[in-house]
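A.B. asks: Can you keep this structure in mind? I'll have questions shortly.
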Amino acid sequence: MMQAIFIYLATVCVVCAVLTVSLRQPVYNVMALLTMFFHVAGLYVLLNAEFLAVVQIIVYAGAILVLYLFVLMLLNLRSESRHLHRQWPFAVLILGSVAAMLVGAMQAGGFGLPTGEAPAQVIQAVGNTESIGLTLYTDYLLPFELASLVLLVAMIGAIVLTKKELIQDHGEEQS
Amino acid sequence: MIPLSSYVILSAVIFFIGVIGVVIRRTIIVVLLSIELMLNAVNINFVAFSHYLESITGQVFVFFTLTVAAAEVAVGLALLIAIYRNRKTVNVEELDVMKW
Amino acid sequence: MVTYALIPLLPLVSFIVVGLFQKWFRNQAHLICVPMVFLSFALSLTALFDVAQGNTVNVDFFEWIPVGSFNPTFGVMVDQLTASMLVLVTLVSSLVHLYTVGYMHGDKGYDRFFAYISLFTFSMLVLVTSNNFLQLFFGWEAVGLCSYLLIVHWYERKASCNASLKAFIQNRVGDFGFAIGIFLIWVTFDSVDYQTVFAAVPEHLDESVSFLGWEVNVMTMIALLLFVGAVGKSAQFLLHSWLPDAMEGPTPISALIHAATMVTAGIFMVSRCHPIFNASEVAMMTVAIVGGFTALFGATIALTQNDIKKVVAYSTMSQLGYMVMACGIGAYAAGMFHLLTHGVFKALLFLAAGSVIHALAGEQDIRRMGQAKRHMPTTYWTMLWGSLALAGIFPFAGFFSKDEILWQAWNTGMMGKGLWLVGIIVAFMTAFYTFRVFFLVFYGADNMDHEVRHHAHESPKVITIPLVTLAIGSLLVGWLGQPFWGKNPVHEYMSPVFQSAVSGTPALQAHATPLPDLVTAAFADDDGHGAPAAPEAALGAEAAVTPDAVATPEVAMSAEAVVTPGAVVTPEAAVSAEAVVTPEAAAHPVAAAAAHGEEAGHGGHDKGAEFALMALSMLVAVSGIWMAHRWYGRPSQAPSRLAAAYQTLYQGSLNKWYWDELYDAIFTRPTLRLANRMWRVADDIIIDKVLVDGVAITTRITGEILKFFQTGRVQHYAMVMSLGIFVIVGGFFLF
């Protein structure tokens, strides 16, 4: 059963990923990516990471992709005559063979895994959200705060970059 | 039971699709989407290892990846708008002022 | 112990304060420096008396540069030798500090000058108080540096710059040898600590070291290398020519550094390392010959020089030669004694010469002076006393110390007799040229410029007080080593230093007495009228070189010797022998005997010979003065007639035997030519054109070619990176 679900999810993920990079219209690309994100969330559930699955849908699908769509609508891009770079066959060949080699290597080599302190039962007993929160706010408190700083900087950066007057003022000063 | 290698292989495949996307697409917006693909591939890896290693740390790292992805989208799209405003194009091939 | 550490530190403090806060002091720098150095002098005096009571000190303050087993320390060692040097250095330094207040008044580098002489005093004190070779080397280099800085005090003057460079470079040559000597000491003894090294000397007597393919005795090698350092610092022959040129510096510096203290560092060092020198007959012989030759060499040049400071400078060189000669014949105490007296009266002479120059508005040429007596009576009298001391007239200081050296030389075998002859000749010349200057300046024809004569005046109090102090000193200090009755106080005082570490090295015995056989050695100096003694007697009482002394009961008992029957007992000998055999000597008869060729000589010979020699040297000195008076006391044609008659000799002496020209031709000009060529070829063409410009051009051409690979398109770069990944991953798969 689990196997079947995994195969379904994995297949859809790969297909959607291929569509994301290959479809001509940017809106379709975004839609394909959206589908893929939902299925990745399914994979997370399969891996006992329910909280992350929810976050994946809310943040990625709900926030990030909507932002993409907004921008697409805003710019109203015309579809291009040639949407692929000239080097695409070469790139697909090279990178495809690298991927194939790595996949081969991964199948050949097994993963001998040590067991950690949080097996599935323990997490389930505490609750996935709570155990993540515990770790995040104890061991990873400083990185967590730094992450907020990264977001703040990104926010300010986005504002500065897109604010028309700022750029024009700057340009006038230059000239 | 699904073996760990299945997840890892899946993640590798998605990651390389993302890389190919970055290299071959001419529109910035799809390039950015491809980067999202790559980040998601990494996330799958994190969660899978977290599960099989029975350690919660991997899931915590997904949060940080998520943060970085959000920041990247914000800045990347802002840049996109700024570029479009100045050059009236989002074609990567035409953005080649940074050369001799 | 702490007070001993303060002696060098006080001048350092004044250097730091004045050096750092120059702006605050300007013309008040002496307010700090002078009291500090006087305090240092007071502390040195306490050290002198402390040490006289046998309280020598040797402490390490901290580990300095611990590197593996090489672990030199920074410490203080104060024994009789150090204490006497301390007093000399701080005394002269104090008076020079005081003198400088007047002499350098109004100079724009006044504060700098004070800072540097304080630094110099500090360095010199570190040098003499050091208890290991590395610290000695530190002080050694530091005084060289200060000498350089002070010679170039008037740095706008080309002559000063050249002189300072010359001094620095010639000293470097000596220091190079000195440094290698220290390396060799470290290699041989595994230590640079004085006591450890000196105690270990007997164990390494027969070792040899390979030098340029020759097998050389290691002691000889070390001693010669150390002596190279002494040659440089003490301006001995071959590295002498910097000293006269150093007179370009201000006169206080000439007095302090280039007469009284720094140049004596070489003699001090040789005395300090006497166990090493004693262990090598070859080295001792070299030292003695170089010293004797320098004494003669300097004196011959001094005869004809016309610059007042140059004459004094060459006389310094000559006197340094005397001291080195004394060290070379093993008469360290005599050498040190001459060092002390010379320090006093030569500082006096320099300061007096400076006073003359100061009064005559910078005039240094003695041919343009004369009749200065009535202008400056104090300077006249003090200079007279200094000149008498230098000429060696009783009862001034030079008389005692010079005759001590000559007497020791007389007693040291055939070579000593030769050196004595050189010494007597030099003594005559010294008396002559000293008074040549004196008469030309204060008597003779009045050759001053009108302007100068008009302004000629006695120097201010701050200059004359040091002069008078030193003049009194040069009268009194000689009596410290009076040989007339009882024990010679200087020998008495110094004896612990020169006795302790020497313990019976064969080379020394062979040296002190030319015949190698121990038994005969005991009688070697006695013109052969000694009765054959029993071997035990010879061994036990070598201290008493003559059989007469052996025979006296007191000596025999104190020296645990067997009384030899049939020897002549003379009262004087008994007395003098007793004077020699100090308690330590009784405890270590062999050591005492071996160490003290000089004292043994004292004990053995009757005073008669000594007094006769004294009278002879007095006679020689007086005749030198008389000759100077005949020729220069009033206007006379004799000197110029003589110069015309012996043109070659006169020109040679006037031109310093063309030694500067020789060095110029051998070293300076080839070096300049080489440097010039290096500049044009190596620097200009190879480095500048080929290397530097070449790199730039190559970079540029490469860039011009490579820029076509840069498209400015991100995806091309990403593609290239992908290719890189492909190569790496594929590489893993293939191999």
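A.B. asks: Give me a count of the residues in segment B:3-42 that are touching a Gly at 6+ places or on another chain (Cβ under 8 Å) and small (Gly, Ala, Ser).
C.D. replies: 3
A.B. asks: Okay, next question. Name the residue that is surrounded by the fewest Cβ atoms within 10 Å (Cβ to Cβ), counting only residues in segment A:102-113 that are more than 7 Å from every other protein chain (Cβ to nearest Cβ) and modelled with pLDDT under 70.
C.D. replies: Going through the qualifying residues, I end up with A:GLY112.
A.B. asks: Oh, and also: Residues of segment B:1-12 being in contact (Cβ under 8 Å) with a residue 24 or more places away in the chain and facing chain A (nearest Cβ under 7 Å), which ones?
C.D. replies: Across segment B:1-12, the qualifying residues are B:LEU4, B:VAL8, B:LEU10, B:ALA12.
A.B. asks: Here's a follow-up. Just to be sure I understand, how many residues within segment C:243-252 are buried (at least 24 other Cβ atoms within 10 Å of the Cβ) and not small (Gly, Ala, Ser)?
C.D. replies: Selection size over segment C:243-252: 5.
A.B. asks: Please give the helices (runs of 4 or more DSSP H) falling wholly within segment C:1-75 in which 2 or more residues are hydroxyl-bearing (Ser, Thr, Tyr).
C.D. replies: The helices (runs of 4 or more DSSP H) meeting that bar are C:2-20, C:30-52.
A.B. asks: Residues that are closer than 16 Å to C:LYS402 by Cα, at least 2 per element: which helices (runs of 4 or more DSSP H) completely within segment C:262-359 meet that?
C.D. replies: It comes to C:281-302, C:308-328, C:332-359.
A.B. asks: Same structure, new question: Among the candidates C:ILE685, C:ILE666, which residue alone is open to solvent by 80 Å² or more (accessible area, probe 1.4 Å), without any contact (Cβ under 8 Å) to a residue 40 or more places away in the chain and farther than 26 Å from C:PHE297 by Cα?
C.D. replies: Within the list C:ILE685, C:ILE666, the selection yields C:ILE685.
A.B. asks: While we're on this one: Just the residues that are in a loop (DSSP other than H, G, I, E, B) and closer than 19 Å to B:TYR7 by Cα, please, taken from segment A:33-79.
C.D. replies: Correct list: A:LEU47, A:ASN48, A:ALA49.
A.B. asks: If you don't mind, another one. If I filter segment C:258-271 for residues that are of a type in the set (Gly, Ala, Ser) and at pLDDT below 85, do I get at least one hit?
C.D. replies: Checking segment C:258-271: at least one residue is of a type in the set (Gly, Ala, Ser) and at pLDDT below 85.
A.B. asks: Against the condition under 15 Å from C:ALA302 (Cα atoms) and assigned to a helix (DSSP H, G or I), how does C:ALA409 come out, does it pass?
C.D. replies: Against the criterion (under 15 Å from C:ALA302 (Cα atoms) and assigned to a helix (DSSP H, G or I)), C:ALA409 does not qualify.
A.B. asks: Right, here's the next one. Is it fair to say C:LEU339 is open to solvent by less than 10 Å² (accessible area, probe 1.4 Å), touching a residue at least 40 places away in the same chain (Cβ under 8 Å) and in contact with a Leu (Cβ under 9 Å, 6 or more places away or on another chain)?
C.D. replies: Against the criterion (open to solvent by less than 10 Å² (accessible area, probe 1.4 Å), touching a residue at least 40 places away in the same chain (Cβ under 8 Å) and in contact with a Leu (Cβ under 9 Å, 6 or more places away or on another chain)), C:LEU339 qualifies.
A.B. asks: Identify, by number, the condition in (1) more than 27 Å from the chain's Cα centre (by Cα); (2) more than 30 Å from C:VAL290 (Cβ to Cβ); (3) surrounded by 18 or more Cβ atoms within 10 Å (Cβ to Cβ) that C:ARG368 doesn't meet.
C.D. replies: For C:ARG368, the exception is condition (3).
A.B. asks: When you go through C:ALA391, C:ALA361 one by one, which is the residue that is touching a residue at least 12 places away in the same chain (Cβ under 8 Å) and open to solvent by 10 Å² or more (accessible area, probe 1.4 Å)?
C.D. replies: C:ALA361
A.B. asks: Next question. Among the residues that make up segment C:197-205, is at least one of them modelled with pLDDT of 85 or more and under 26 Å from C:SER93 (Cα atoms)?
C.D. replies: No: zero hits.
A.B. asks: Separate question: Consider only pairs whose beta carbons are under 7 Å apart and that are at least six residues apart or on different chains; among these, list those whose first residue lies in segment A:46-61 and is closer than 18 Å to A:PHE6 by Cα and whose second residue is among the small types (Gly, Ala, Ser) and surrounded by fewer than 21 Cβ atoms within 10 Å (Cβ to Cβ).
C.D. replies: A:ASN48/A:ALA120
A.B. asks: Against the condition at pLDDT 80 or above, more than 25 Å from C:THR294 (Cβ to Cβ), part of a helix (DSSP H, G or I) and open to solvent by less than 60 Å² (accessible area, probe 1.4 Å), how does C:TRP659 come out, does it pass?
C.D. replies: So C:TRP659 does not fit the description; no.
A.B. asks: What is the one condition in (1) within 14 Å of chain C (Cβ to nearest Cβ); (2) part of a helix (DSSP H, G or I) that B:VAL42 does not satisfy?
C.D. replies: (1)
A.B. asks: Tell me, which helices (runs of 4 or more DSSP H) lie completely within segment C:112-208 with 2 or more residues that are open to solvent by 10 Å² or more (accessible area, probe 1.4 Å) and small (Gly, Ala, Ser)?
C.D. replies: Fully inside segment C:112-208 and qualifying: C:158-189, C:194-200.
A.B. asks: Exactly one of these conditions fails for A:ARG82: (1) more than 30 Å from B:LYS88 (Cα to Cα); (2) part of a loop (DSSP other than H, G, I, E, B). Give me its number.
C.D. replies: With respect to (1) more than 30 Å from B:LYS88 (Cα to Cα); (2) part of a loop (DSSP other than H, G, I, E, B), A:ARG82 is out only on (1).
A.B. asks: Can you tell me which of B:ALA78, B:ALA41, B:ALA70 is surrounded by fewer than 21 Cβ atoms within 10 Å (Cβ to Cβ) and within 12 Å of the chain's Cα centre (by Cα)?
C.D. replies: It is B:ALA70.
A.B. asks: Here's something else I'd like to know. Taking into account only those residues within segment A:2-28 that are assigned to a helix (DSSP H, G or I) and touching a His at 6+ places or on another chain (Cβ under 6 Å), which is nearest to the other protein chains (Cβ to nearest Cβ)?
C.D. replies: Of everything passing the filter in segment A:2-28, A:CYS13 is nearest to the other protein chains (Cβ to nearest Cβ).
Table: residues versus (1) among the aromatic types (Phe, Trp, Tyr); (2) surrounded by fewer than 24 Cβ atoms within 10 Å (Cβ to Cβ); (3) closer than 18 Å to C:LEU419 by Cβ.
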residue: C:SER254; (1), (2), (3): no, no, no
residue: C:ALA260; (1), (2), (3): no, no, no
residue: C:VAL263; (1), (2), (3): no, no, no
residue: C:ALA283; (1), (2), (3): no, no, yes
residue: C:GLY291; (1), (2), (3): no, no, yes
residue: C:GLY298; (1), (2), (3): no, no, yes
residue: C:GLN305; (1), (2), (3): no, yes, no
residue: C:VAL312; (1), (2), (3): no, no, no
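A.B. asks: With the condition kept exactly as written, say whether any residue in segment C:689-702 is open to solvent by less than 90 Å² (accessible area, probe 1.4 Å) and modelled with pLDDT under 85.
C.D. replies: No, because not a single residue in segment C:689-702 is open to solvent by less than 90 Å² (accessible area, probe 1.4 Å) and modelled with pLDDT under 85.
A.B. asks: Right, next: Can you give me the number of residues within segment C:83-108 that are touching a helix residue (DSSP H, G or I) at 6+ places or on another chain (Cβ under 9 Å) and not in a helix (DSSP H, G or I)?
C.D. replies: Here the count works out to 4.
The values are calculated or read from the model by the stated rules, or taken from the named source; none is laboratory data. Please read these numbers as outputs of a predicted model, since none were measured by experiment. Cβ: placed from backbone, ideal geometry, glycine included. Neighbour counts: every protein chain shown. Ligands, DNA and RNA are stripped out before the accessible areas are found, and what is left, the full protein with its side chains, is counted by its heavy atoms. Shrake-Rupley method; radii C 1.70, N 1.55, O 1.52, S 1.80 Å.
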